[in-house]
Amino acid sequence: MERTVPSTASEEVELYQRTYYSLLRTSDTVQIRSIEEVHAGMNSVLHQHARHQEPDMMAFIYALLRLPECVRDTKEIVLGQTGSVFEEAGLGNVWDWEQVSGKARRRRCFYNPDKNILACIIASRSDIDDVIPMITAYQIEWNKIHQLMQYLPDDIDLTQVHKHHDAWYNLAEALMMSVSDLTRWRSVCGDDFADWVEKIKSRELNFQVRLLNGSLIEYNRATNDWWKVISGRVPDLLDRPVYFISSNTHSFANLLSGFALKNQKEINQYLVDAGQEELLEEWNQIQAREVPSSQENFLYYALKKYIQEPGSEKIVKRRVDHEKSSGIHRISSEHSFDVAAQVFDLSKLKQNWLDPRITSGLADLDFLTRSDALILNIDYPLGLAAYNLLMKVAENAGSILGVYTLGKAATLNGVVGDVMIPYVVYDEHSRNTYLCPRAFEARDVRPYLVYGTVLDNQKAVTVKGTFLQNPSYMDVFYREGYTGIEMEAGPYLSAVFEMFRPYRHPVDEIVNLDRVPFDLGILHYASDRPLSKGKNLGAGTLSYYGMDPTYACSLAIIRRIFELEQKRLQ
């Protein structure tokens, strides 16, 4: 079969990667300024205006959302896999530092304000490919804005400027950005906007970065530490059959525990007490069937808001106790990278607590009480960490009955909120083209999706990093029918190959996975439109409407598992 995609990434992207990897081999710190030019030369689809004088606010806001706020005061960024690596480097116990994180990127980081050092725990090489371009883009755009700030008119009061239309327009003009970009930036910063602007005005950035130990052994050690915590909490994983899911830590717990549905009155009262007028209005519209949204999804979203409020410890504890009574265990990652896990004991699930969309149309679920199977759900990892984690589970858990991945992807042909089901995945890491079984079709997701479209028979590309593509390279894939861009499916499929074949996954081949001896399904929901300026999550988050495709896919996975489990037990 003839290959339909390039066997190598674009030369500009490869040059960029070779440059920063060669620099990071040093034991000393690396100046980010030394890779700014090669970064700009890559012409990243997320940073196409890196060389322009005017700020590229799409790139800046994208990085701003995914880096801890303290990065604006940081001088040195240190990357390492485990706490011991940082101690050996003379930095002490970083777990004693202030723990920080970005709004839209799940990565465990620690900050030392006395030395202005940010320590980041990395789970695989993909974290390097994520952090380096992001801090480079952040620095380039920060310094552009810094230069423009030196010429701001003296009569602009940065603490009050957003209250006056003409002054706001003048500020946008002075900073060479659109009013909408300036408004979006302020929305991200919130009440801290004036402080942000003053900090940018006061100094240039010159990040230094250091990689402590990039060896494969250290990544394996970190993965071992992660698995020890999970298997220690739920030893049954070692000898009972397992359905493996990579998704998130909210949808499956909500659907299978019924906690939000049983506490509907309390959640509604919270909306009243907290003055959530917009949500209350939408709730009333849903109940009156004036909008087509799901009542269950709305309650799940409102519950998330509720438990994030200060003083919510009691309801959080009640939720934990409720979930334990139905065989659900939450396991946070401890002293390793930030990938939490959940274990669901199918035999202990309460049928009358399940989301009604699970049981609709299904026969009697009494078979669940006879099941010995567990569901292991992990928070979606980044890039190559997916390979490491699934291999660790496969090596140590009981027999694997199914592998399902649910995550975000950029779409080249759809809109934000669509669901994409790929049957072909090209992986930039292995350069393999994987042909996947058809575990899911549009009809499996469509009944539960309110706002988007389900696109099956799709082709996806697993890339090495969000910044590591340029328009010409993406155009090649689009011309060949590849419409989804994401970061984990390829590494997961490489692990799947090794779970049933007696040798390591191949490189640069077409790999047919139809004979996998367990169920295999991939679902993506569109969170970005990289070919449309501004149509990506750099502008914000998916919010409540992002839950629509998430829960539609989660319901399809649960119903698939229940159907397979019923057949297995018969």
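All of the numbers you see were taken from the coordinates with simple rules; none came from a lab. Everything quoted here is computed from the prediction, not taken from an experiment. Note that each Cβ is placed from the backbone with ideal geometry, even for glycine, and that neighbours are counted across all protein chains shown.
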- With an 8 Å cut-off on Cα pairs and a minimum separation of 6 or more residues, tell me the relative contact order of the chain in percent. 18 percent
- Rounded to the nearest 500 deg cm²/dmol, what is the calculated helix-only ellipticity per residue at 222 nm for the chain, with -39500 (n - 2.57) per DSSP H run of length n ≥ 4? -12500 deg cm²/dmol
- From a point 7 Å beyond the Cα of residue 103 in the direction of its Cβ, which residues of region 176-198 have a backbone N at a distance under 19 Å? 178-198
- Item | Ordering of 174-187, 375-388 by burial proxy (mean other Cβ atoms within 10 Å per residue, highest first) | 375-388, 174-187
- Note on the structure: Among 307, 267, 344, the residue whose Cα sits farthest towards the positive end of the charge dipole of region 247-381 (+1 at Cβ of Lys and Arg, -1 at Cβ of Asp and Glu, taken about the Cα centre) is 344
- Item | Option label - semi-axes √(5λ) of the Cα gyration tensor in Å computed here, alternatives (1) 96, 52, 22; (2) 39, 31, 19; (3) 38, 29, 24 | (3)
- Message: Two decimals, Cα atoms only, Kirkwood Rh: what is Rg/Rh over region 27-175?
- Response: 1.03
- Message: From Cα pairs below 8 angstrom and at least 6 apart in sequence, can you work out the relative contact order of region 11-211, rounded to a whole percent?
- Response: 30 percent
- Message: Can you report the principal axis dimensions of region 151-296 using only the alpha carbons, biggest first, rounded to whole angstrom?
- Response: 70, 58, 25
- Item | Ordering of 159-165, 35-41 by burial proxy (mean other Cβ atoms within 10 Å per residue, highest first) | 35-41, 159-165
- Task: Please name whichever of 380, 550, 244 sits farthest to the positive end of the charge dipole of the chain, dipole taken about the Cα centre and charges placed at Cβ: Lys and Arg +1, Asp and Glu -1.
- Result: 244
- Sorted by average packing, counted as other Cβ atoms within 10 angstrom per residue and highest first, what order do 146-153, 42-49, 325-332, 263-270 take? 42-49, 325-332, 263-270, 146-153
- Item | DSSP-defined antiparallel bridges as percent of all bridges, region 11-211, nearest 5 | 50 percent
- Item | When each of 75/392; 228/567; 265/350; 265/348; 304/324 is checked by Cα-Cα distance, pairs over 30 Å | 75/392; 228/567
